[in-house]
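Okay, structure first, notes after.
The values are calculated or read from the model by the stated rules, or taken from the named source; none is laboratory data. As the structure is a computational prediction, the values presented were derived from the model and not from experiment. Cβ placement follows ideal geometry from the backbone for every residue including glycine, while neighbour counts extend to all protein chains displayed.
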Amino acid sequence: MQHGASSHTDRPILEVKGMCKSFFTKERTVIALDHVDLAVKQGEFISLVGPSGCGKTTLLRIIDGLEQGDAGERTLEGVALEGISQDMAYVFQDINLLPWRSVLDNAALGLEARGMSKQERTQRAMEVLEMVGLGSFAGSPPYTLSGGMQQRVGVARALAVRPKVLLMDEPFGQLDNFTREALQVEIAALWARLGMTIVFVTHDVDEAIFLSDRIALFQPAPGRITEIVDVDLPRPRTDYDVRAHPRALELRSHIMAHLRAGKGMPE
Ligand SMILES: Nc1ncnc2c1ncn2[C@@H]1O[C@H](COP(=O)(O)OP(=O)(O)OP(=O)(O)O)[C@@H](O)[C@H]1O
Ligand SMILES: [Mg+2]
């Protein structure tokens with residue numbers, strides 16, 4: 001399928017195979033991931049959707065190397081990964097900007113960790129702040145920004161390192177509907193423009209349909225991917241397409257039925 005501006009091909013850039021992860025506490029053992037396989041194609045936008053506790057964050061953290069799996073492997077461009085990958089960037093749900101640093105210095109954080117010179121850092125950070133519409137806030141302290149603007153700084157911080165794969169864990173979860181909608185449109189445009197590969201976690205089925213090429217559906221206890229849905233809607237999309245397009249409605253009810261069944265609820 002063609003997606004206009006995106007450089008989508010069928011070659012997997014990122015692969016997870018047989019990934020397992022259990023957590024042991026005094027009270028219980030949780031199988032957060034039970035032999036999860038996922039092949040993410042070069043340039044695609046893929047979402048991970050499922051009820052709370054089904055292992056989405058755990059999988060994303062393992063992909064990035066923030067957490068280690070008990071078994072299984074992950075590869076980027078066919079090469080096995082160990083530890084935190086410099087080729088991926090992670091956008092957290094709770095962005096946690098450093099309050100004593102300017103917006104610019106927050107956006108440059110990942111570049112500093114990668115040992116880039118101050119001049120180059122500043123130039124790159126400015127470039128990404130412009131991309132997310134915050135160029136004129138570069139010198140401001142983070143507390144002067146709204147929640148949506150802070151979230152944009154988080155996106156800029158991740159984009160600054162020019163990742164091959166961008167990992168986003170419910171990045172718009174805490175925002176009001178209007179801001180959320182605006183950021184969905186922005187991220188879709190940035191994705192198309194930069195030809196990035198994005199793995200995106202969300203609870204919101206409409207958000208997933210609006211943004212994604214494919215949606216991986218999870219079920220909990222033990223956490224696993226039980227279906228991958230192709231979002232065969234044309235691009236570019238609008239919010240109206242997702243609410244009113246007959247195919248989108250079909251996808252939505254299919255996904256909702258799948259998720260309800262996983263929770264033991266009637267379809
Ligand atoms: N550090 C930890 N120690 C113990 N249990 C954990 C830990 N991290 C995750 N878990 C458990 O693993 C399971 C999967 O958690 P995870 O955070 O991956 O779910 P999720 O799908 O991201 O949920 P949500 O949608 O609520 O963010 C849950 O049952 C959770 O309680
Ligand atoms: Mg989570």
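Structure values in brief
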quantity	calculated
Test: residue in segment 211-222 that is assigned to a helix (DSSP H, G or I), in the same structural domain as LEU76 (by TED's automatic domain parsing) and at pLDDT 95 or above	yes
Residues of segment 62-76 satisfying the condition of being within 12 Å of VAL36 (Cα to Cα) and buried (at least 16 other Cβ atoms within 10 Å of the Cβ)	ILE62, ILE63, GLY69, GLY72, ARG74
Test: ALA208 is assigned to a strand (DSSP E or B), surrounded by 17 or more Cβ atoms within 10 Å (Cβ to Cβ), in contact with a strand residue (DSSP E or B) (Cβ under 6 Å, 6 or more places away or on another chain) and of a type outside the set (Ser, Thr, Tyr)	no
Residue within segment 167-174 that is more than 16 Å from ligand 1 (Cβ to nearest atom) and either within 18 Å of LEU134 (Cβ to Cβ) or outside the structural domain of ASP239 (by TED's automatic domain parsing) (or both) present	no
Candidate set from segment 131-142 (those that are outside any loop (DSSP other than H, G, I, E, B) and either closer than 25 Å to SER52 by Cα or at pLDDT 95 or above (or both)); member that is farthest from ligand 2 (Cβ to nearest atom)	SER136
Residue within segment 255-263 that is out of contact with any helix residue (DSSP H, G or I) (no Cβ under 8 Å at 6 or more places or on another chain) and part of a loop (DSSP other than H, G, I, E, B) present	yes
Residue among MET168, MET116 that alone is at pLDDT below 95, of a type outside the set (Phe, Trp, Tyr) and under 19 Å from ALA89 (Cα atoms)	MET116
Long-range neighbours under 8 Å by Cβ, at least six apart or interchain, first residue in the same structural domain as ALA221 (by TED's automatic domain parsing) and at pLDDT 95 or above within segment 53-74, second among the acidic types (Asp, Glu) and within 13 Å of ligand 2 (Cβ to nearest atom)	LYS56/ASP169; THR57/ASP169; THR58/GLU67; LEU60/ASP169; ARG61/GLU67
Residue satisfying condition, being exposed (fewer than 14 other Cβ atoms within 10 Å of the Cβ) and either in contact (Cβ under 8 Å) with a residue 24 or more places away in the chain or assigned by TED's automatic domain parsing to the domain that holds ASN96 (or both), within set ARG157, ARG243, ARG180	ARG243
Residue among GLU186, GLU227, GLU250 that alone is modelled with pLDDT under 95, surrounded by fewer than 21 Cβ atoms within 10 Å (Cβ to Cβ) and not aromatic (Phe, Trp, Tyr)	GLU186
Filtered residues of segment 49-59 (kept if more than 8 Å from ligand 1 (Cβ to nearest atom) and either surrounded by fewer than 24 Cβ atoms within 10 Å (Cβ to Cβ) or part of a loop (DSSP other than H, G, I, E, B) (or both))	none
Criterion: touching a Lys or Arg at 6+ places or on another chain (Cβ under 7 Å) and surrounded by fewer than 18 Cβ atoms within 10 Å (Cβ to Cβ) - qualifying residue of GLU120, GLU130, GLU112	GLU112
Residues of segment 93-104 classified as within 21 Å of the chain's Cα centre (by Cα) and either surrounded by fewer than 16 Cβ atoms within 10 Å (Cβ to Cβ) or more than 16 Å from ligand 1 (Cβ to nearest atom) (or both), total	3
Residue among ASP10, ASP37 that alone is assigned to a loop (DSSP other than H, G, I, E, B) and either farther than 22 Å from LEU259 by Cβ or modelled with pLDDT of 95 or more (or both)	ASP10
